[in-house]
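The values are calculated or read from the model by the stated rules, or taken from the named source; none is laboratory data. What you see is a predicted model, and the numbers here were worked out from it, not measured in a lab. Note: ideal-geometry Cβ built from the backbone for every residue, glycine included; neighbour counts use all protein chains shown.
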Amino acid sequence: MAISVDTVYKTVLFILNKEQRGYITPAEFERLGQQAQLEIFERYFEDLNQALRMPENDSEYANRVKVLEEKIQEMEINADLSTISNLDVIHRLGTLVYDVNGREIQEVTQHELNLIKKSKLTAPTTAFPVYKLGNNGTNIILDIYPNTIPVTDVSINYIPKPPPPKWAYIVESLGQFTFSDSAGAVDFVISDIDQTELILTILMYAGVVIRDQNIIQAAASQVAQENANQKS
């Protein structure tokens, strides 16, 4: 599932050095890698939405919907709501379930909540629970109704935000950087199928850092071709 941060960084440096285009530091690579990962990660959801509107392909290994769903499912987490101390870690919220009776908790807006609470016939119950997402100006807030349902009895499916990659290293006697897993390296969490696109996207941004228009154009062209191939 994960893509080695060391492999990606060394590949990017190899291409830049081979073409004598320049050098990017580990800190620059991490920032560029984070942006590239976020772009590819977010595109999973956009591409899935588009693929679901197209005629389905019955091929077992070439079904775009199936491939995209597998990429997303690899990152999906199921947990007790009470174990999540900060909802800001959630990138995409899936299903909430009241574990006592197995009922799915439906999302409502503030307006919908106001309407259903006006009548005893439509008010939320443990048989038909609802939840509302909000924001207190700093953090995401999730309120469940009826409020007699404890968070310890609620399970949640969600996609977390991808952690920033980290090329961890130690400094050798001559001042050179050497990769070290023990220093707290963090790999890319997107699907390893997208390793080539990840490298090309980082190269495109690296071209901006080192001010090389040729690198930008060549990498951007390859990224566009990769995306076109995946959608064709």
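For beta carbons closer than 8 Å, sequence separation of 6+ or different chains, a first residue in the stretch 55-75 that is more than 19 Å from Asp192 (Cβ to Cβ) and a second that is modelled with pLDDT of 75 or more and surrounded by fewer than 14 Cβ atoms within 10 Å (Cβ to Cβ), the qualifying pairs are Val65/Leu52.
The residues listed here are Ser155, Ser182; of these, the one that is outside any loop (DSSP other than H, G, I, E, B) and in the same structural domain as Gln35 (by TED's automatic domain parsing) is Ser182. A residue that is in contact (Cβ under 8 Å) with a residue 24 or more places away in the chain and within 30 Å of Lys10 (Cα to Cα) occurs nowhere in the stretch 138-147. In the stretch 116-130, the condition of being assigned to a strand (DSSP E or B) and either surrounded by 12 or more Cβ atoms within 10 Å (Cβ to Cβ) or hydroxyl-bearing (Ser, Thr, Tyr) (or both) is met by at least one residue. Of the residues making up the stretch 85-135, those that are within 29 Å of Tyr44 (Cα to Cα) and among the aromatic types (Phe, Trp, Tyr) number 2.
Any residue at all in the stretch 129-144 that is at pLDDT 95 or above and in contact with a Ser or Thr (Cβ under 9 Å, 6 or more places away or on another chain)? Scanning the stretch 129-144, I find at least one residue that is at pLDDT 95 or above and in contact with a Ser or Thr (Cβ under 9 Å, 6 or more places away or on another chain), so the answer is yes.
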